[in-house]
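Notes follow once the structure below has been shown.
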Amino acid sequence: MREIQDDREKAIVPLAAIMTERRRLKDLLAETEAPYGRAYAAAEAAGWSAEELSRLGAEAPTRRPKGRPRKHASAANNAIPVPSSGDTEAAAAAVHSPAD
């Protein structure tokens with residue numbers, strides 16, 4: 001049983017190392033998004049078309065939505081109201097009492 005666990009632990013080491021490297025590279029790539037977008041826009045402003053840039057291997061930058069981000073409803077507004085203990089007793093009494 002211990003051998004199986006040892007094999008499992010040995011097998012995860014390379015994966016963990018690669019995962020760390022992938023995270024580092026993704027972070028580096030994310031840091032280039034803003035300058036890439038500015039450079040791409042500058043090239044377009046200088047007269048390069050999106051098609052010409054594409055033929056050169058330049059991908060159109062990821063565009064952010066225009067305007068301010070939408071305001072998200074707070075958790076308090078989305079919460080389902082929970083009756084207080086007094087309300088629960090009154091509601092239970094109303095449900096179990098005969099109708100007039």
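What to note about this one:
- Extension gain from residue 12 to residue 36, taking 0.36 nm per residue of separation minus the Cα-Cα distance: 5.1 nm
- Neighbours of residue 27 by Cβ distance under 14 Å: Lys/Arg scored +1, Asp/Glu scored -1, total +1.
- Residue (of 45, 34, 19) at the positive-pole extreme of segment 1-59, dipole from beta-carbon charges: 19
FYI, it's all coordinate maths here, none of it is from the lab. Everything numeric here is computed off the predicted structure, so don't read it as measured data. Positions of Cβ are backbone-derived with ideal geometry, glycine not excepted, and every protein chain shown enters the neighbour counts.
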